[in-house]
Amino acid sequence: MAQVTDEVVLLDASARPIGTHSRATVHGADTPLHLAFSCYLLDAQGRLLLTRRAMSKRAWPGVWTNSFCGHPRPGESVPEAVGRHAAHELGVSVSDIREVLPDFRYRAVDPSGVVENEVCPVLTAVTSQPVRANADEVMDLRWVEPQELGALVAVAPWVLSPWAVAQVHELAALEEGFPDALDVARRLVR
């Protein structure tokens, strides 16, 4: 079996692929723009999984955030990366993967100086399986009603990752009338 090189896709200012870089070393004080994703995982009852990043994470260790994030590898679609990361980080398979913020982009600097600089589509997915969190990725988790995340952003945004806060604000700006795929996203801010 061939060894898979864990690389991220580098992007130009217009979000076009321009090369690759090792995921292990791409994040630092001068992180180049690259492709990532954020996923909000839902269960059969419509609850949303919040996770607390493991203390071993290079950026924002110990911070609460959306269900999971990751980077598509070169040649891998975002939905394929979502499935791979769901299995690796949470021990679950996912279905009904839907893009809710296809053009989300952010740059943030954590307290240690590590820069996140990502074009980061935001997706929702569903699982019916019990979560078995990988301790190298997740130190704690909690299933919440989606509107609880919106309330947390409103009263205590500092306990969440900056990308989760920005994503909830962008979800709040979505217009009414979207298809059912966005109902959960809209519930995040109500």
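All of the numbers you see were taken from the coordinates with simple rules; none came from a lab. Every value quoted in this text rests on a predicted model; they were computed, and no experiment measured them. All Cβ positions, even for glycine, are placed from backbone atoms using ideal geometry, and neighbour counts span all protein chains on display.
Give me the Kirkwood hydrodynamic radius of the chain, using the inverse of the mean 1/r over all pairs of distinct Cα atoms, in Å to one decimal.
16.8
Using the count of nearby Cβ atoms within 10 Å as a rough guide to exposure, how do V9, V144, V114 rank from fewest to most?
V144, V114, V9
Rounded to the nearest 500, what is the 222 nm mean residue ellipticity of the chain from helices alone, with -39500 (n - 2.57) per DSSP H run of 4+ residues and division by all residues?
After summing the helix terms and dividing by residue count, I get -5000 deg cm²/dmol.
How far apart, in nm, are the 7 Å Cα→Cβ label points at T5 and R84?
Each label point is offset 7 Å from its Cα along the Cβ direction, giving 1.4 nm.
PRE reach from Q147 (point 7 Å along Cα→Cβ): which of region 39-55 fall under 16 Å by backbone N?
Flagged as within label range: 46-48.
Suppose a student asked you for the relative contact order of region 1-88, using Cα pairs under 8 Å spaced at least 6 residues apart; what percent would you report?
About 25 percent, as a whole number.
Using the Cα centre as the reference, give the magnitude of the dipole from point charges on the C-beta atoms of region 7-144 (Lys, Arg: +1; Asp, Glu: -1; all else neutral), rounded to the nearest 20 debye.
240
So if each residue of separation counts as 0.36 nm, and I subtract the Cα-Cα distance between D140 and V126, what length gain in nm does that give?
3.1 nm
Measure off 7 Å from each Cα along the Cα-to-Cβ vector at S112 and S93, then give the distance between these two points in nanometres to one decimal.
3.5
Which length gain, in nm to one decimal place, applies between A44 and R58 when the Cα-Cα distance is subtracted from 0.36 nm times their residue separation?
1.8 nm
Kindly rank 155-168, 98-111, 15-28 from highest to lowest mean number of other beta carbons found within 10 Å of each residue.
Listed from highest to lowest mean packing, they are 155-168, 98-111, 15-28.
Taking Cα pairs under 8 Å and at least six residues apart, what relative contact order does the chain come out at, in percent?
After rounding, I find 24 percent.
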